[in-house]
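The values are calculated or read from the model by the stated rules, or taken from the named source; none is laboratory data. The model shown is predicted, which means the values in this text are computed figures rather than measured ones. Every residue, glycine among them, receives a Cβ derived from its backbone with ideal geometry; neighbour counts consider all protein chains shown.
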Amino acid sequence: MRVFYRVSIVICLTFFCFTAKGQNKQKSPCAGEKYSQFDFWEGNWKVFDTKGNLIEKNRLVKMQSNCVMQENWESKTSNSKGTSYNYYNKVDDSWNQV
C-alpha cells in the first residue's frame, strides 16, 4: 500500500510540473517589438540635479504579462510620491501614460 501511495504522489507531482511548465509557453498578448520599446527603462533609477544632489528615486516594473510599465517615484527633496502606468496602444501606434 505504501508503494502505491508513493507512486501516486510521484505521478501527481510529475503531472503538475509538466502542466505548470506547459502553461508558461503561452504567448503574451503584448509580445512583440513594439511592446518592448521601453524595456531599457525597467529597473531602479536615481535622479540627480545639475549639482549632483539626489532628488528622486524611480522604480519601473513590467507587469500584466509585459503589457504595462509601472513607474513608482519618490522625491528626496519633499514628501511627494507617485505612480504612473505606461502602455503601448497598437490602435494608434503610440505609448501612453496614465
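Scanning segment 55-98 for residues that are among the polar types (S, T, N, Q) and not in a loop (DSSP other than H, G, I, E, B) turns up Asn58, Gln70, Asn72, Ser75, Thr83, Ser84, Asn86, Asn89, Ser94, Asn96, Gln97.
So that you can scan it fast, the table gives a plain yes or no per residue for (1) under 28 Å from Asn89 (Cα atoms); (2) surrounded by 13 or more Cβ atoms within 10 Å (Cβ to Cβ); (3) β-branched (Val, Ile, Thr); (4) modelled with pLDDT under 95:
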position	(1), (2), (3), (4)
Val10	no, no, yes, yes
Phe16	no, no, no, yes
Gln23	yes, no, no, yes
Cys30	yes, yes, no, yes
Asn44	yes, no, no, no
Asp49	no, no, no, no
Asn53	no, no, no, no
Lys57	yes, yes, no, no
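As for segment 67-86, it holds at least one residue that is under 20 Å from the mean Cα position of the chain (by Cα) and touching a residue at least 40 places away in the same chain (Cβ under 8 Å).
When segment 24-54 is limited to residues that are of a type in the set (A, V, I, L, M, F, W, C) and part of a loop (DSSP other than H, G, I, E, B), the one that is farthest from Gly82 (Cα to Cα) turns out to be Ala31. Within segment 59-98, restricting attention to residues that are in contact with a helix residue (DSSP H, G or I) (Cβ under 9 Å, 6 or more places away or on another chain) and of a type in the set (D, E, K, R), which residue is modelled with the lowest pLDDT? Restricting to residues being in contact with a helix residue (DSSP H, G or I) (Cβ under 9 Å, 6 or more places away or on another chain) and of a type in the set (D, E, K, R), the top hit is Lys90.
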